[in-house]
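Student: Submitted below is the structure of interest, expressed as structure tokens.
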Amino acid sequence: MTTARQHHTRNTRFRTLLAAAITTAVAAVTIGCTKENKAAPPPPSPTASPSPSADPQAAEKTALLGVYRAFWDASVKAYSTGSMKNTGIESVGADKAYAKVQATQIYYRDNGFVMTGAPNLSPQVTALDSAAEPPKAIISDCIDSTSYIQVEKQSGKPVETMDKNRRHVATYTALKIGGAWQIRDFDIARDQLC
């Protein structure tokens, strides 16, 4: 026969076991749900080192081409307005390049001409010597002036020119002075077509 004390001990053990079983089941279900609801974290990726640029001078070339286009924008403005003022050419052009644009602008102004439209440019940096003092670069271009027309300022009538070809090879020299590139000289080869 079971005494009251033994019965109480069995009930306590049963309750303890039942509580442990329920706790274990709840923990298992909770962990199972957590694993199902949450995606496993991705494995750590190795630290990627930056890949070397195919051209170590790419940034300098990009800067050079930006200066070249700014030089042309300033030149176009000078040729279309008849003035070097407010063109911004001083910051991107100097020496012979500046003098040549100025001489052309004066020629147009004195003859009552202006340029309309804009040339189509396709420049490439064909030489870059960053170790030179000062650093030096050559930009080559095939300038297409099909849509860049000389006209009489008063009438807007196109001016007949001797040069019927509208695409010419051009070479521009740039120097880096005080940390900034400038176009310093250029040659447009009227006899070299492209």
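Student: Could you give me D for segment 144-183, from Stokes-Einstein at 25 °C and 0.890 mPa s, where the hydrodynamic radius is the Kirkwood radius over C-alpha pairs? Units µm² s⁻¹, please.
Tutor: 185 µm²/s
Student: If each of A54 and D73 carries a label point 7 Å out from its Cα toward its Cβ, how far apart are those two points in nm?
Tutor: Inter-label distance under the simple model: 2.7 nm.
Student: Restricting to Cα atoms and excluding each atom paired with itself, what does the Kirkwood estimate give for segment 89-194 in Å?
Tutor: When all Cα pairs of segment 89-194 are included, the Kirkwood radius is 15.2 Å.
Student: Would you mind estimating how fast segment 77-144 diffuses translationally, via Stokes-Einstein at 10 °C and 1.306 mPa s with the Kirkwood radius over Cα pairs, in µm²/s?
Tutor: In µm²/s, the coefficient is 114.
Student: Which FRET efficiency value, to the nearest 0.05, do you get for D129 and K85 by plugging their Cβ-Cβ distance into 1/(1 + (r/R0)^6) with R0 = 35 Å?
Tutor: 0.55
Student: For segment 78-92 and segment 130-144, write down the distance between their C-alpha centroids in whole Å.
Tutor: That distance is 22 Å.
Student: To make sure I understand the rule: partners must be lysines, Cα under 20 Å from the Cα of K61, and not fewer than 8 residues away in the same chain. Which ones qualify?
Tutor: Answer for K61, where 20 Å is the Cα cut-off: K136, K176, listed by chain and number.
Student: With label points built 7 Å along Cα→Cβ from the Cα atoms of I177 and C142, find their separation and express it in nm.
Tutor: So the two model labels end up 3.3 nm from each other.
Student: Which aspartates and glutamates does K157 reach when only Cα atoms under 17 Å apart count, and residues fewer than 8 places away in its own chain are ignored?
Tutor: D110
Student: Rank-order 145-155, 105-115 by packing density, defined as the average count of other C-beta atoms within 10 Å over each peptide's residues, highest first.
Tutor: 105-115, 145-155
Student: In nm, to one decimal, how far is the A63 label point from the I106 one, both placed 7 Å along Cα→Cβ?
Tutor: Reported label-point gap for A63 and I106 is 3.3 nm.
Student: Determine the share of segment 72-175's accessible area contributed by carbon and sulfur atoms, expressed in whole percent, with a 1.4 angstrom probe.
Tutor: Of all accessible area on segment 72-175, carbon and sulfur atoms account for 52 percent.
The values are calculated or read from the model by the stated rules, or taken from the named source; none is laboratory data. This one's a predicted model, so the numbers in the text were calculated from it and none came from an experiment. Methodologically, a virtual Cβ is constructed for each residue, glycine included, from the backbone with ideal geometry; neighbour enumeration extends over all protein chains shown. These accessible areas exclude ligands, DNA and RNA; they are computed on the full protein's heavy atoms, side chains included. Shrake-Rupley method; radii C 1.70, N 1.55, O 1.52, S 1.80 Å.
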